[in-house]
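Here is the structure we will look at, set down as structure tokens.
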Amino acid sequence: MKVESYKIKGWKEKETGVLISENEDWILVNHIPADYTLDGFKLYRKRFVKKRISKTSEKQIERVLNLKGKKTPELKEFVFNNVLETLKWSEKKYGLFEFQDKGETELFYGKINRTENDILIIDMVKSNGKVEIDYDFEFSLNKIRSITFETDYFESIRLLMADERKN
């Protein structure tokens, strides 16, 4: 098990996770949002990773996770791909996707409405699970820095969205 922290271009706070896998474009981690808590998975786009850190605090987290008997999880049906294909995969598997772009405090939940060149237009999934079809905000696929799935909050939004569909 290897714990790393990542300094992301344009973000103030470092991001931390258990390294699962990587390719030339992405780093996949079991996300550590605080202290010794594992919460879902996060993909970091390497071109926005300014620095990778594995020092004293990361070693301490590794130690605690090992003492807790935690293992590096496997994602059997996950395959590295480009941004758009990864968002499509998440939407197909979970019904929605979550990503972050240049704003580190903003999380975007949605479904693909359409794409035009390198622009992604989404139907926003709001925190109450309602899908805002007329959202039509444009995101540059080139500016997306991370894609997240299976966190507690992600699962909560997914369940709310599924419940909204029933009503």
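The values are calculated or read from the model by the stated rules, or taken from the named source; none is laboratory data. In this text, all values refer to a predicted model and were calculated from it rather than measured experimentally. Cβ sites come from the backbone with ideal geometry, for glycine too, and all protein chains shown count toward neighbours. With ligands, DNA and RNA removed, areas are computed over all heavy atoms of the protein, side chains included. Shrake-Rupley method; radii C 1.70, N 1.55, O 1.52, S 1.80 Å.
Checking each residue in the stretch 78-116 for being open to solvent by 30 Å² or more (accessible area, probe 1.4 Å), in a helix (DSSP H, G or I) and within 20 Å of Tyr153 (Cα to Cα) picks out Lys88, Trp89, Glu91, Lys92, Lys93. If the condition is being assigned to a strand (DSSP E or B) and open to solvent by 40 Å² or more (accessible area, probe 1.4 Å), then the stretch 1-18 contributes only Lys7. In the stretch 117-147, the qualifying residues are those that are of a type in the set (Asp, Glu) and not in a loop (DSSP other than H, G, I, E, B), and the one that is surrounded by the most Cβ atoms within 10 Å (Cβ to Cβ) is Asp123.
Against the list (1) surrounded by fewer than 12 Cβ atoms within 10 Å (Cβ to Cβ); (2) of a type in the set (Ser, Thr, Tyr); (3) in contact with a strand residue (DSSP E or B) (Cβ under 8 Å, 6 or more places away or on another chain), the condition Thr56 fails is (3). Residues in the stretch 19-50 that are of a type in the set (Ser, Thr, Tyr) and in a strand (DSSP E or B) were compared, and the one that is surrounded by the most Cβ atoms within 10 Å (Cβ to Cβ) is Tyr44.
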